[in-house]
Amino acid sequence: MKILVTGGLGFIGSHTVVELQNKGYQVVIIDNLSNASLDVLEGVFAITGRVPIFEKLDLKDKSAVQAFFKVHQDIQGIIHFAANKAVGESVVNPLMYYENNINTLVYVLQELTKLKVSNFIFSSSCTVYGQADIMPIAETAPIKPAESPYGNTKQIGEEIIQDTCNINAKLNSIALRYFNPIGAHESAKIGELPIGVPQNLIPYITQTAIGLRDQLSVFGNDYPTIDGTCVRDYIHVVDVAKAHVVALQRLLDHKNQTNFEVFNLGTGTGSTVLEVIKAFEKVSNTKLNYKIVDRRPGDVVSAFADTSKANLELGWKAEHTLEQAMLSSWKWQKVLK
Ligand code: UD1
């Protein structure tokens, strides 16, 4: 069964390609290599022993997208990761984000809905909830005004899919709202490849520990949490990847209850920044150089998932602990150096 993975060389995309191949799917990857490397294909091959079909293609090129789908009429499902994801960059360059994350989604959906089978999995984010009033956050929590153009593209993306599903009963779609995906494949053959200075906590921690950065800045310790630092739901990327395969299978088996569904992907447990640092220090047996600095603008105090919908309806549950995820990130960092 042929499955298209857009952005399949990226962090979550590459781990999902591995899980799809492990389950016997034939994978076609589209990636424009703007934030990924071709070496990832070798990593995937080293793990699964199979090379996915790869096309270097920019989804902003509408005629190239049309030409691609003419050749691949037998695609049974699409997992759509291709998008920009840096919150700060989106504030500086909003039009780039709207073009890259919205236009491309529209072009893919236009072609998908012409196929005989239209199954679609969308990368969404817990950012759509903003600072939720009730923890843990269920899928029924209100969608708050987006804090950034990046967040807005996730909200608009879900709306575009919902509107398209409303008038196209043949289109079946699931939006997966990720909390904080971290970690790397246990083989340390694939992982996160941040370009430049990492914006996210875990690559910043591992780069500091290996000596690429001097010191981690912890953004604020005066939040109303157990130790004053922000709370997030850190989930191992392999658990996230597996959820995509389960969600796709749900669509292929016609088990979905409506033709647009949303699920949270998290562990259900919140951890503070200091708890993450402690977990890292324990598994790496190192002492991390960090200091407390001012709050980072735009950070929410706390966000962790109510995962009961995904647990019950998808039959999926995150299996890795925070320590296992931190250890895998550390192993990966040591391979990267
Ligand atoms: C953000 C986005 C999320 C996006 C994700 C990945 C929001 C609300 N969330 O998550 O949608 O999918 O990035 O790009 O926009 N921290 C430090 N020092 C650092 C880095 C981070 O203390 O050097 C802290 C942050 O203050 C935060 C936690 O670590 O409390 C996690 O930060 P980060 O990894 O950037 O993820 P989010 O901001 O939660």
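The values are calculated or read from the model by the stated rules, or taken from the named source; none is laboratory data. Keep in mind the model is a prediction, meaning the values are calculated, not measured. Methodologically, a virtual Cβ is constructed for each residue, glycine included, from the backbone with ideal geometry; neighbour enumeration extends over all protein chains shown.
At-a-glance table
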quantity: First in the range 1-20 and part of a helix (DSSP H, G or I), second anywhere and of a type in the set (Gly, Ala, Ser), Cβ under 6 Å, 6 or more apart; calculated: GLY13/GLY7; HIS15/ALA241; THR16/ALA241; VAL17/GLY8; GLU19/ALA241
quantity: Among the residues listed as TRP316, TRP332, the single one being modelled with pLDDT of 95 or more, in a helix (DSSP H, G or I), closer than 17 Å to GLY183 by Cβ and more than 12 Å from the ligand (Cβ to nearest atom); calculated: TRP332
quantity: Close pairs (6 angstrom Cβ cut-off, 6 or more residues apart or separate chains): part of a loop (DSSP other than H, G, I, E, B) in the range 293-313, modelled with pLDDT under 95 anywhere; calculated: GLY298/GLU147; VAL300/GLN131
quantity: Count - residues of the range 80-100 that are part of a helix (DSSP H, G or I), away from the ligand (no atom under 12 Å from the Cβ) and either touching a residue at least 40 places away in the same chain (Cβ under 8 Å) or within 16 Å of HIS244 (Cβ to Cβ) (or both); calculated: 4
quantity: Odd one out for MET135, checked against (1) closer than 25 Å to PRO224 by Cβ; (2) at pLDDT below 95; (3) of a type in the set (A, V, I, L, M); calculated: (2)
quantity: Considering residues of the range 104-152 that are of a type in the set (Asp, Glu) and free of Cβ contacts under 8 Å to residues at least 60 places away in the same chain only, the residue nearest to the ligand (Cβ to nearest atom); calculated: ASP133
quantity: Filter pass, THR258 being within 9 Å of the ligand (Cβ to nearest atom), polar (S, T, N, Q), modelled with pLDDT of 95 or more and assigned to a loop (DSSP other than H, G, I, E, B); calculated: no
